[in-house]
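Asker: Sharing a structure here in structure tokens format.
The values are calculated or read from the model by the stated rules, or taken from the named source; none is laboratory data. What you see is a predicted model, and the numbers here were worked out from it, not measured in a lab. Cβ placement follows ideal geometry from the backbone for every residue including glycine, while neighbour counts extend to all protein chains displayed.
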Amino acid sequence: MDNIVRDELKITRPTLRPMRKISILGSTGSVGVNTVDLITASPGKFEVAVLTANENAELLAKQARELNASLAVIANEAHLETLRSLLAGTGTEVAAGRQALIDAASIEVDWMMSAIVGAAGLAPTLAAIRTGAIIALANKESLVCGGDLVLSEARKYGATLLPVDSEHNAIFQVLDFDQLDKVARLVLTASGGPFLNHTLDEMRLVTRDQALAHPNWDMGAKISIDSATMMNKGLELIEAARLFPIPEDKIDILVHPQSIIHSMVEYKDGSVLAQMGAPDMRTPISYTLGWPERHEFKANRLDLAKVASLTFLNPDPVKFPALRLAREALIAGNSAPTTLNAANEVAVQAFLFGEIAFLDIAAVVEDTLSRTPIEGLRSVEDIFDCDLRGRKIARNVINAIT
Ligand code: NDP
């Protein structure tokens with residue numbers, strides 16, 4: 001597969017301007033807040049064009065004031081007046097709604113953080129890509145559901161995609177793009193989530209709060225549940241296969257509960273290169289923020305003596321069927337990953353609302369996939385239609401079991 005990261009790396013290693021213009025889509029989320037932290041800690045280096053949220057007008061307004069943002073956009077229009085009054089008298093303009101979000105993402109900047117959660121991030125991410133900016137891509141769902149279209153648009157408009165997910169960021173740091181034929185495999189590490197040591201019977205009864213309590217990372221609700229089902233690793237498998245020119249059967253998943261090794265590249269000469277670090281999303285975000293240089297911030301230092309031991313095990317396919325479903329969808333290609341992602345978003349939401357049990361999440365995804373024909377996706381409209389259809393079918397599956 002063609003590879004945007006590699007191609008752009010070779011063709012355009014930009015010289016960074018002393019003052020760079022940036023935007024953060026999803027600034028009020030977990031990745032967004034970490035990004036804002038890094039920007040706040042680097043006064044005089046960044047000019048903030050756009051910050052966006054869905055409904056958290058209070059935090060968005062606070063961030064906009066602190067960073068002196070030019071524009072703050074709230075996707076849910078019901079919160080526009082609150083945002084407007086919170087930012088009255090400042091130099092920050094306000095806007096609301098889906099189209100305003102897409103328009104804001106189209107404003108030309110040097111660097112853009114794409115950190116909206118779910119397929120809702122696809123349209124704004126595509127708009128940002130069409131400006132030809134450097135896109136720090138946290139919103140993996142847009143790559144999973146948008147697939148080849150996201151990559152071909154990035155190529156067409158000269159955008160550079162830099163992976164924010166700690167695993168892909170790790171691979172990006174240790175993959176020798178000039179010797180891809182010497183790569184034996186990529187190894188994506190996975191913490192295993194909060195239920196790594198639960199039995200299947202125990203997993204039937206887990207609560208929302210237990211599923212949200214990730215042992216190593218403090219993240220948004222959706223990715224926390226995805227980590228508990230290991231669908232997150234499944235989405236990351238698809239993301240890795242899209243970002244890096246390595247075939248699916250050479251991308252393995254390895255459970256590593258300490259989340260110190262963020263991923264590895266094994267070469268054919270037996271060398272295994274890993275990127276390590278304390279589990280702190282600011283490290284991969286910082287890497288994308290500074291790229292192609294290294295951006296400095298006061299990271300927690302990794303104290304391996306304190307960590308003492310690093311352990312590894314293969315994922316359990318019975319407890320975590322989401323991994324198999326994601327790999328099957330990746331192999332099937334076409335609309336299958338889009339349907340997988342849509343069904344998963346609906347199922348996770350239903351679990352969070354207490355409609356279905358934890359193990360039902362993967363079951364709903366599997367049932368939805370089995371009821372949905374696989375088709376080619378030729379346009380953005382095809383992708384949105386497929387996403388909508390996947391959501392409707394998943395909803396029917398849920399209605400039938402509740
Ligand atoms: P959060 O749920 O914490 O934040 C999501 C952000 O998107 C918030 O700013 C939220 O606004 C906004 N948002 C939610 N729904 C919409 C919508 N429909 N339209 C516009 N904006 C919306 O998510 P995370 O920060 O955890 O994750 C963001 C992305 O990054 C995900 O794709 C995730 O998989 C990925 N990622 C996250 C990591 C992490 O450590 N959290 C690690 C690696 C990847 P509001 O606050 O108003 O709801």
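Asker: Considering the stretch 173-225 alone, what residues qualify as being within 15 Å of the ligand (Cβ to nearest atom) and either at positive phi or in contact with a strand residue (DSSP E or B) (Cβ under 7 Å, 6 or more places away or on another chain) (or both)?
Answerer: Within the stretch 173-225, Leu188, Thr189, Ala190, Gly193 meet the criteria.
Asker: Does the stretch 1-56 hold any residues that are at pLDDT 95 or above, outside any strand (DSSP E or B) and under 20 Å from Leu243 (Cβ atoms), and which are they?
Answerer: Hits for the stretch 1-56 are Gly26, Val31, Thr35.
Asker: Okay, next question. Go through the stretch 223-249 and give me each residue that's under 27 Å from Asp181 (Cβ atoms) and of a type in the set (A, V, I, L, M).
Answerer: Those that are under 27 Å from Asp181 (Cβ atoms) and of a type in the set (A, V, I, L, M): Leu237, Ile238, Ala240, Ala241, Leu243, Ile246.
Asker: Scan Leu188, Leu180, Leu175 and give me the residue that is more than 20 Å from the chain's Cα centre (by Cα) and touching a residue at least 24 places away in the same chain (Cβ under 8 Å).
Answerer: Leu180
Asker: Within the set of pairs 6 or more residues apart or between chains, which connect a residue that is within 16 Å of Asp165 (Cα to Cα) inside the stretch 122-139 to a residue that is modelled with pLDDT of 95 or more and among the aromatic types (Phe, Trp, Tyr) with Cβ atoms less than 7 Å apart?
Answerer: Matching pairs, first to second residue: Ile134/Trp111; Ala136/Trp111.
Asker: Turning to a different aspect of this structure: Which one of these does Gly118 not meet: (1) within 11 Å of the ligand (Cβ to nearest atom); (2) more than 22 Å from Asn341 (Cβ to Cβ); (3) surrounded by 19 or more Cβ atoms within 10 Å (Cβ to Cβ)?
Answerer: (2)
Asker: Applying the selection to the stretch 32-60, what residues are within 13 Å of the ligand (Cβ to nearest atom), closer than 20 Å to Gln99 by Cα and not acidic (Asp, Glu)?
Answerer: Passing the criteria: Val50, Leu51, Thr52, Ala53, Asn54, Asn56, Ala57, Leu60.
Asker: Can you tell me which of (1) within 13 Å of the ligand (Cβ to nearest atom); (2) out of contact with any strand residue (DSSP E or B) (no Cβ under 9 Å at 6 or more places or on another chain) is the one Lys140 doesn't meet?
Answerer: Result: Lys140 fails condition (2) only.
Asker: May I pose another question? Taking only the stretch 145-172 into account, find how many residues are within 16 Å of the ligand (Cβ to nearest atom) and either surrounded by fewer than 17 Cβ atoms within 10 Å (Cβ to Cβ) or of a type in the set (A, V, I, L, M) (or both).
Answerer: Looking only at that region, the number is 6.
Asker: Given the conditions (1) in contact (Cβ under 8 Å) with a residue 40 or more places away in the chain; (2) over 15 Å from Asn169 (Cβ atoms); (3) crowded, with 23+ Cβ neighbours inside 10 Å, and given that Asp218 satisfies all but one, which numbered condition is not satisfied?
Answerer: (3) is the only condition that Asp218 fails.
Asker: If Ala363 passes every condition in (1) farther than 15 Å from Asp387 by Cα; (2) touching a Gly at 6+ places or on another chain (Cβ under 7 Å) but one, which one does it miss?
Answerer: The single condition Ala363 does not satisfy is (2).
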